[in-house]
There are 2 protein chains.
Amino acid sequence: MRSIDVAILGATGVVGREMLRVLEQREVPVGRLKLLASPRSAGATLSFRGREHTVEAVTDEAFQGIDAALFSAGAGTSREWAPRAAARGAVVIDNSSAWRMDDAVPLVVPEVNPDAARERPRGIIANPNCSTIQLVVALAPLHRAARVRRIVVATYQAISGAGIEAVRALEAQQRALVAGEPAEPGPLSGQLAGNLLMHWKRDTASGYQEEELKMVHETRKILGDAEIRVSPTAVRVPVLNAHSEAVTVELARPMTATEARTLLTGAPGVELVDDFANGVYPQPLAASGRDPVYVGRIREDVGNPGGLQLWVVADNLRKGAALNAVQIAELVFAS
Amino acid sequence: MRSIDVAILGATGVVGREMLRVLEQREVPVGRLKLLASPRSAGATLSFRGREHTVEAVTDEAFQGIDAALFSAGAGTSREWAPRAAARGAVVIDNSSAWRMDDAVPLVVPEVNPDAARERPRGIIANPNCSTIQLVVALAPLHRAARVRRIVVATYQAISGAGIEAVRALEAQQRALVAGEPAEPGPLSGQLAGNLLMHWKRDTASGYQEEELKMVHETRKILGDAEIRVSPTAVRVPVLNAHSEAVTVELARPMTATEARTLLTGAPGVELVDDFANGVYPQPLAASGRDPVYVGRIREDVGNPGGLQLWVVADNLRKGAALNAVQIAELVFAS
């Protein structure tokens, strides 16, 4: 892979920092590195390969000569800046929801639909939502073999994706709980420590959370099959990092657990942790800080002969965000 | 209701103590009260209506003249002692899994199948598993109106049902986490604080946990419909008390969310907490210590036209165990 000049917009956020870590750990040949943020965060310094880099306020000129512009700065910022960065010649890889369902923007998980990254008329490639990425990495091999027809998914989502202030709020709540003091909501919608929340933006017409509808629509786009039906429930659990998903899947033909295990063994991005007879299954604590999508508890659905149930766990900041974005950059600039 | 003589076997356990609290709070006309336990726990004293009662080691004679024998002492103890208590004339209301699937033992949720309590050839009535009780209380009104055909359920289960030592272990883990120290498993199968576990007894042949298979079989028996198919996933979350369930339901005919809301409004044992447009939905923290089965997030399934999704939360020690047992006693000895 040739050396690439990289900009990160939203470098000081949880995902931005994770992008830096991933670039470092994967030894991506980064030439020039521009760390960008809102004027509010400009001036901060972040370390990359032992050197301090100063974060600059985003400008059009900052993208001049940049190969890959990794965006993790929210949908509003992305709607404004992605076209401007693309106009300067950068390939924008955007972690927000702004462009994901745009027909002229590919939505890419490199293990699943790498070819989609080739056509990018707007100069933008969208990085899917965290809960969708781990779902499609786990289901793509089954889909290719037997066509996924329906997915029922209930999530157990960590707080890390909600940003550093949300993480700190959960930590403060946990300290309060242990001290026997009232747990203040802070920036959270309520008490998450010792509790569960469903606090994503709501779509009033359908009664769904936007986080849930992302799983419905993004799954179809990534797997390239508009007929896949998804029944989602998204729940925030008091876990710091790594999302878990209870997945029930119906296929166009019956599949045994053994066949699913064979298909998933060595599948790209997947690591089987599936020895439940001996109490071995994926856990978010063990998945945090790691790259694979962990799949376990593969079993034939007792409620639907021919169908399957499984348990899918992945680090939402890495495969669910930063790692997937960096993998897209590697894919685009390979050779 | 006439005065009844009550024995509680397993009185010192988490559920046993909750039974005492429920009897007190509901002002059940308890005449004689016998608190029983294994010889190991005998000698402890528990307070009931301001009077101290000494816990006795269980004997056959202890059940002589007892009307209702509430058992919460595990399946092994129940298999041994339920027939012996019944032989002395007591109606045994058993909270363990020992008798639930016995054809000669009714499995009763008073709001759902009260009539089943009438025939009890063994003198035993079984109290269903906690996760099943809240599921059937929420679904029974929908089943009566439109026949439930399939249920996909993912649970978010609190630790309280695992016993006082498990509760203390989670609390110790939470203290360790906050202090930045390693969280010792203790009697748990691993770290639950900041993590998720699936640590129920495993059925190796099917790959399911017994907790999951209980939902499959008990739901059918209570709703009196062997054709209901259940696809379950049971997960332990770091919550002290009250279980939550993400429920996807398919019915024999299409049902709108509005119809479901109408059916569930004022349904016995149900309290709707369903104003999601304003961020109102059931939470385990709010459900803990309360009697109703809370239902919210009722929505038309985006992945299955005509089907529904909902979120069901209840105190697993109360409606999931002690309250349901006491309600069965009230039902049997009413009039």
* Asked: Mind checking whether some residue in segment A:97-112 is within 14 Å of another protein chain (Cβ to nearest Cβ) and within 28 Å of A:Val249 (Cα to Cα)?
  -> no
* Residue by residue through segment B:16-43, note down the ones that are surrounded by 14 or more Cβ atoms within 10 Å (Cβ to Cβ) and modelled with pLDDT under 95. => B:Ser38, B:Ser41, B:Ala42
* To do: Could you tell me which numbered condition A:Gly306 fails, if it satisfies all but one of (1) in a loop (DSSP other than H, G, I, E, B); (2) surrounded by 24 or more Cβ atoms within 10 Å (Cβ to Cβ); (3) away from every other protein chain (no Cβ under 11 Å)?
  => (2)
* Structure fact -> Within segment B:230-248, the count of residues that are more than 30 Å from A:Val178 (Cα to Cα) and out of contact with any helix residue (DSSP H, G or I) (no Cβ under 8 Å at 6 or more places or on another chain) comes to 2
* Looking at (1) in contact (Cβ under 8 Å) with a residue 12 or more places away in the chain; (2) more than 8 Å from chain A (Cβ to nearest Cβ), which is the one condition that is false for B:Glu300? -> (2)
* **So B:Thr132, is it of a type outside the set (A, V, I, L, M) and closer than 22 Å to B:Glu330 by Cβ** => yes
* Asked: Taking segment A:221-265 only, how many residues are within 12 Å of A:Arg149 (Cβ to Cβ), among the basic types (Lys, Arg) and either modelled with pLDDT under 95 or in a helix (DSSP H, G or I) (or both)?
  -> 0
* Asked: Would you say A:Arg149 is at pLDDT 95 or above, surrounded by fewer than 24 Cβ atoms within 10 Å (Cβ to Cβ) and within 14 Å of another protein chain (Cβ to nearest Cβ)?
  -> yes
* Asked: Mind checking which pairs have a first residue in segment B:111-122 that is more than 19 Å from B:Val137 (Cα to Cα) and in contact (Cβ under 8 Å) with a residue 40 or more places away in the chain and a second that is assigned to a loop (DSSP other than H, G, I, E, B) and among the charged types (D, E, K, R), Cβ under 9 Å, 6 or more apart or different chains?
  -> B:Arg122/B:Asp102
* If A:Asn324 passes every condition in (1) among the polar types (S, T, N, Q); (2) surrounded by fewer than 23 Cβ atoms within 10 Å (Cβ to Cβ); (3) in contact with a helix residue (DSSP H, G or I) (Cβ under 6 Å, 6 or more places away or on another chain) but one, which one does it miss? -> (2)
* To do: Could you list, in sequence order, all residues of segment A:220-229 that are among the β-branched types (Val, Ile, Thr) and facing chain B (nearest Cβ under 10 Å)?
  => A:Ile228
* Answer yes if at least one residue in segment A:198-206 is in contact (Cβ under 8 Å) with a residue 12 or more places away in the chain and more than 21 Å from the chain's Cα centre (by Cα), and no otherwise. => no
* Are there any pairs with C-beta distances below 6 angstrom linking a residue in segment B:266-289 that is assigned by TED's automatic domain parsing to the domain that holds B:Trp311 to a residue that is buried (at least 16 other Cβ atoms within 10 Å of the Cβ) and basic (Lys, Arg), with the two at least 6 apart or on different chains, and if so which? -> B:Phe276/B:Arg297; B:Tyr281/B:Arg297
* Selected residue [more than 10 Å from every other protein chain (Cβ to nearest Cβ), under 26 Å from A:Val91 (Cα atoms) and at pLDDT 95 or above] from A:Val273, A:Val332, A:Val295, A:Val280 -> A:Val332
* To do: Filter segment A:158-184 for residues that are under 25 Å from the mean Cα position of the chain (by Cα), within 12 Å of chain B (Cβ to nearest Cβ) and assigned to a loop (DSSP other than H, G, I, E, B) and give the result.
  => A:Ala158, A:Ile159
* **Of the criteria (1) out of contact with any helix residue (DSSP H, G or I) (no Cβ under 7 Å at 6 or more places or on another chain); (2) in a helix (DSSP H, G or I), which one B:Pro268 fails** => (2)
* Is it fair to say A:Leu213 is part of a helix (DSSP H, G or I) and in contact (Cβ under 8 Å) with a residue 60 or more places away in the chain? -> no
* To do: Identify all residues within segment B:283-292 that are at the interface with chain A (Cβ under 9 Å from one of its Cβ atoms) and assigned to a loop (DSSP other than H, G, I, E, B); write none if there are none.
  => B:Gln283
* Qualifying position, being in contact with a strand residue (DSSP E or B) (Cβ under 7 Å, 6 or more places away or on another chain) and without any contact (Cβ under 8 Å) to a residue 40 or more places away in the chain, among A:Gly186, A:Gly190 -> A:Gly190
* To do: Collect the residues in segment B:184-204 that are of a type in the set (A, V, I, L, M) and modelled with pLDDT under 95, keeping them in residue-number order.
  => none
* Filtered residues of segment B:185-218 (kept if more than 10 Å from chain A (Cβ to nearest Cβ) and buried (at least 24 other Cβ atoms within 10 Å of the Cβ)) -> B:Glu211, B:Glu218
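The values are calculated or read from the model by the stated rules, or taken from the named source; none is laboratory data. Keep in mind the model is a prediction, meaning the values are calculated, not measured. So basically every Cβ, Gly included, is an ideal-geometry build from the backbone, and we count neighbours across all protein chains shown.
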